[in-house]
1. For the stretch 160-188, enumerate the residues that are of a type in the set (Val, Ile, Thr) and either away from the ligand (no atom under 12 Å from the Cβ) or on the phi > 0 side of the Ramachandran plot (or both).
2. Over 26 Å from THR182 (Cα atoms), within 14 Å of the ligand (Cβ to nearest atom), open to solvent by 60 Å² or more (accessible area, probe 1.4 Å) and modelled with pLDDT of 95 or more: is that true of ARG58 in this structure?
3. Looking at the structure I just gave you, is ARG256 open to solvent by 50 Å² or more (accessible area, probe 1.4 Å), at pLDDT 90 or above and over 29 Å from GLU203 (Cα atoms)?
4. Going by the conditions given, is ASP191 closer than 16 Å to GLY7 by Cβ, out of contact with any Asp or Glu (no Cβ under 9 Å at 6 or more places or on another chain), open to solvent by 40 Å² or more (accessible area, probe 1.4 Å) and within 16 Å of the ligand (Cβ to nearest atom)?
5. (1) at pLDDT 95 or above; (2) more than 8 Å from the ligand (Cβ to nearest atom): which one isn't true of GLY106, the others all being true?
6. Residue by residue through the stretch 45-64, note down the ones that are in contact (Cβ under 8 Å) with a residue 24 or more places away in the chain, charged (D, E, K, R) and over 29 Å from ARG90 (Cβ atoms).
7. In the stretch 45-54, what count of residues is obtained for those that are open to solvent by 20 Å² or more (accessible area, probe 1.4 Å) and within 15 Å of the ligand (Cβ to nearest atom)?
8. At pLDDT 95 or above and closer than 27 Å to LEU83 by Cα - does that describe any residue in the stretch 206-217?
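The values are calculated or read from the model by the stated rules, or taken from the named source; none is laboratory data. This one's a predicted model, so the numbers in the text were calculated from it and none came from an experiment. We place every Cβ from the backbone using ideal geometry, glycine too, and count neighbours over all the protein chains shown. These area figures cover heavy atoms from the full protein model, side chains too; ligands, DNA and RNA do not enter into them. Shrake-Rupley method; radii C 1.70, N 1.55, O 1.52, S 1.80 Å.
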Amino acid sequence: MPILVTGAAGFIGSHVCLRLIERGDEVIGVDNLNDYYDPMLKKARLARLVGKREFAFRELDIADPMALAESVSGQTIKKVVHLAAQAGVRHSLENPRAYIRANINGHLEILEFCRACPGFEHLVYASSSSVYGGNRKVPFSEADPVDHPVSLYAATKKSDELMSHAYAHLFGVAQTGLRFFTVYGPWGRPDMAYWIFTQAMLEDKPIRVFNNGDMWRDFTYIDDVVDAVVAMLDKAPSAEAPPHRIYNVGNNRPARLGDFIDTLEKLLEVKADRQFEPMQAGDVTRTYADMTLLERDFGFRPRTSLEVGLGKFVDWYRSEWTTRSVAL
Ligand SMILES: NC(=O)c1ccc[n+]([C@@H]2O[C@H](COP(=O)([O-])OP(=O)(O)OC[C@H]3O[C@@H](n4cnc5c(N)ncnc54)[C@H](O)[C@@H]3O)[C@@H](O)[C@H]2O)c1
């Protein structure tokens with residue numbers, strides 16, 4: 001019985017598909033391959049999946065009513081990993097409608113799809129650490145109030161959690177929402193700081209460092225995130241009423257942006273040209289996950305240190321991505 005993965009050509013989605021296939025699951029991956037960032041990267045990620053017997057890809061927009069139902073054409077789906085979204089905090093200041101379409105209308109269509117699947121077991125969906133907004137109490141805990149988003153992106157992710165709660169309550173759709181904290185690694189996202197810095201430093205260009213580098217982030221390595229997603233997919237909430245849980249998926253060890261850049265300098269053996277700029281609208285100074293809940297329920301602990309994970313990203317970027325970009 002196939003597992004449906006949305007955002008299959010995305011950073012996290014492509015890694016999740018690969019892991020599910022490796023452990024013997026059949027996967028139907030969907031994605032609209034939009035151009036928020038270079039679709040060639042999305043196609044290159046897909047190329048690692050397409051051709052595998054257990055994988056089928058459908059290009060579609062999850063916000064189109066009926067598109068999902070038509071794409072699975074009569075196959076029974078009992079598990080969905082929903083990772084398709086309009087991501088990125090800063091872009092939501094410029095293109096707000098993309099967030100409403102993908103993250104609100106799209107999330108609704110996923111819920112409707114799951115609700116209509118006979119014997120449906122579990123929807124695991126992506127929320128974000130952004131929901132914590134400007135909260136000052138750290139580490140961020142799932143029990144903290146999250147009623148003050150500081151970007152439209154965060155507002156859509158919090159709305160997703162509320163919509164999911166309602167569908168769990170009304171229709172018994174079992175769900176787990178994951179608040180990811182800055183995920184990074186090979187095949188990552190070119191709009192994120194670790195990629196932008198690496199590219200700029202290798203091209204001898206300056207990097208923009210906000211708030212004097214005094215920003216703290218829980219950087220979470222992709223393999224750790226995939227471990228958590230797959231472990232949770234296998235364990236739907238059942239005892240809870242309604243059957244809906246939310247977990248932080250972070251690293252529990254926040255790194256200061258300035259120290260992060262120091263690490264990158266060592267790995268790349270390049271001195272960064274740091275241009276210090278004030279804090280950006282919609283950004284928050286510190287995100288740091290309380291991981292007690294995930295550890296308690298799943299025994300989950302992130303395994304990868306920033307030095308090791310960043311090293312793997314840098315190796316991939318240098319040996320695989322830049323050579324591939326030149327060849328494209
Ligand atoms: N990467 C992170 O640090 C991070 C942090 C917090 C939350 N998240 C969330 O995790 C999920 C995955 O993030 P990612 O980093 O892999 O992002 P990504 O942008 O690489 O992947 C998202 C994918 O969804 C697809 N998509 C967008 N709108 C769609 C639509 N309407 N129909 C079909 N496909 C659509 C995109 O083409 C893309 O391939 C997202 O929900 C994101 O908001 C990510």
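1. So the first thing to find is which residues in the stretch 160-188 are of a type in the set (Val, Ile, Thr), and the list is 173, 176, 182-183.
Hits for the stretch 160-188 are VAL173, THR176, THR182.
2. Values: over 26 Å from THR182 (Cα atoms): yes; within 14 Å of the ligand (Cβ to nearest atom): yes; open to solvent by 60 Å² or more (accessible area, probe 1.4 Å): yes; modelled with pLDDT of 95 or more: yes.
So ARG58 passes the test.
3. Values: open to solvent by 50 Å² or more (accessible area, probe 1.4 Å): yes; at pLDDT 90 or above: yes; over 29 Å from GLU203 (Cα atoms): no.
Judged against the criteria, ARG256 is not a match.
4. yes
5. (2)
6. Going residue by residue through the stretch 45-64, those that are in contact (Cβ under 8 Å) with a residue 24 or more places away in the chain are 45-46, 48-49, 52, 54-64.
Still in the list and also charged (D, E, K, R): 45, 48, 52, 54, 58-59, 61, 64.
Matches in the stretch 45-64: LYS52, GLU54, ARG58.
7. Narrowing the stretch 45-54 to residues open to solvent by 20 Å² or more (accessible area, probe 1.4 Å): 47-48, 50-54.
Right, trim to within 15 Å of the ligand (Cβ to nearest atom) and you get 47-48, 50.
The qualifying residues number 3.
8. no
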